[in-house]
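Undergrad: Before I ask anything, here is the structure I am working with.
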Amino acid sequence: MSYSYQQSGSQRLQIPKGISRRAVATAAAVVAAVVFLATGFYTIAADEVGIVLRFGRHVRTVDPGLHLKVPFWIENVIPVPTQRKLKEEFGFRTLQAGVRTQYTSRGYEEETLMLTGDLNIGSVEWIVQYQIKDPVNFLFRVRNVRDTLRAASEAVMREVIGDRSVNEVLTTGRTEVGVAATVALQNVMDQYETGVDILLVQPQTITPPDPVKPSFNEVNQSEQERARLINEAESEYQEVIPRARGEAEQLIETARGYAMERVNEAKGDSKRFIAIYQEYAKAKDVTRRRLYLEAMREVLPKVGRKIVIDEKAKNVLPLLELSGKAVQK
């Protein structure tokens, strides 16, 4: 195939014979349209925002959806997942997420070893959940936000653990550790202007290091046994002491009732004796005879069958009931 050359001071583009300039222009237009469409339209996902850069400078932020930008790579778009919850793991890594999530802690022991306030060592695994609240600061204020977040999280967690005893960290203080670490880490991220919102700092497992774990478990078992014995003693105390107090109160009330009864009986007897004496003083002979007869009526039925002999009487008095039955009035 032969070619034609056009010279104008320097060598120009060589166009093969049989191809017109119109075809070349059409092909160039098609290529330009394809490049325009490929570089001019873009889509932002529902959980993202788009940071539009023009020659490397931020010019606007766009919401999710289909958008148009200046083509030919004059403007570039960086999608930032502002609605997505991100997570960082410390002391372990997730190998496979799903129904059967698999974790590993091999090789991450240095992240977990921390010194407590009472100079003991604990092994702490935790996670940090966060969101991007300011995508511009997230992209441009700090060179590597993820590395900064991890370094700050380790520093904050070591500071929080260092303010507490090992028993507090391992038992009741886990929730307080998470809350304090969340507040402190958010302050650091705001100070660095990372554009990150810390949602949660959650300790996962807090245990003693493997070399001292058996001894620590023995101490825990001893403390649990001590607490169990104390609880049993308290339970026995709460059961025995109130019962003894109740019995004591019962005996006291019984004694008071008996004393009141005896006093009232004595007062009644004394009043009855005084009344009898007053009647006796009015008619001594009649009263003496009546008292004698009343006493005999109570005594004679109890002494069994008796025969009364009176040398002046000709036969036994029929008025006396000698068979042991009560005398009818």
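Bear in mind these aren't lab numbers, they're just calculated from the coordinates by the rules spelled out. All of these numbers come straight from a predicted model, not from anything done at the bench. Glycine also receives a Cβ, built like all others from the backbone with ideal geometry; neighbour counts cover every protein chain displayed.
Undergrad: I'd like the chymotrypsin sites (Phe, Trp or Tyr not before Pro) in the range 86-135 restricted to DSSP loop residues with at most 15 other Cβ atoms within 10 Å, sorted by number.
TA: Sparse-neighbourhood loop chymotrypsin sites (Phe, Trp or Tyr not before Pro): TYR108.
Undergrad: Moving on to the next point. With label points built 7 Å along Cα→Cβ from the Cα atoms of ARG57 and GLN102, find their separation and express it in nm.
TA: The modelled label-to-label distance comes out at 5.1 nm.
Undergrad: What is the dipole size for the range 86-208, taken about its Cα centre, with +1 at each Lys and Arg Cβ and -1 at each Asp and Glu Cβ, in debye to the nearest 20? Before the final figure, lay out the partial values.
TA: Working: 12 positive and 17 negative charges, 91 e Å.
Roughly 440 debye for the range 86-208.
Undergrad: Under a Cβ-Cβ cut-off of 14 Å, what is the net charge of the residues other than ASN231 that fall near it, where Lys and Arg count +1 and Asp and Glu count -1?
TA: Working: positive: ARG226, ARG228; negative: GLU223, GLU225, GLU232, GLU234, GLU236, GLU239.
My count for the surroundings of ASN231 gives -4.
Undergrad: Sort PHE273, PHE138 so that the residue with the fewest other Cβ atoms within 10 Å of its own Cβ comes first and the one with the most comes last.
TA: Ascending number of Cβ neighbours within 10 Å: PHE273, PHE138.
Undergrad: Would you order ILE230, ILE78, ILE161 from fewest to most other beta-carbon atoms within 10 Å of each residue's own beta-carbon? Show your work: numbers first, answer last.
TA: Values: ILE230 10, ILE78 13, ILE161 24.
Taking fewest neighbouring Cβ atoms as first place, the list is ILE230, ILE78, ILE161.
Undergrad: Please give the FRET efficiency for GLU223 paired with ASN264, using the beta carbon to beta carbon distance and R0 = 51 Å, rounded to the nearest 0.05.
TA: Numbers: r = 61 Å, r/R0 = 1.19.
According to the calculation, E is roughly 0.25.
Undergrad: Additional query: Given an 8 Å cut-off on Cα distances and at least 6 residues of separation, report the relative contact order of the range 86-208 as a percent.
TA: On the way: 203 pairs, mean separation 40.8, N = 123.
RCO, the range 86-208: 33 percent.
Undergrad: What distance in nm lies between label points placed 7 Å from Cα along the C-beta direction at VAL136 and LEU113?
TA: In this crude label model, VAL136 to LEU113 measures out at 4.5 nm.
Undergrad: Please give the length that would be gained between PHE72 and THR39 if that part of the chain were fully extended, namely 0.36 nm times their separation in residues minus their C-alpha to C-alpha distance (nm, one decimal). Can you show the working numbers first?
TA: Values: separation 33, 0.36 × 33 = 11.88 nm, distance 0.58 nm.
Length gained between PHE72 and THR39: 11.3 nm.
Undergrad: Of VAL169, VAL34, how do they rank once you tally other Cβ atoms within 10 Å and put the fewest first? If you can, show how the numbers build up before the last one.
TA: Values: VAL169 25, VAL34 10.
Fewest-to-most ranking of VAL169, VAL34: VAL34, VAL169.
Undergrad: With a cut-off of 8 Å between alpha carbons and a minimum separation of six or more residues, what is the relative contact order of the range 160-309 in percent?
TA: The value is 11 percent.
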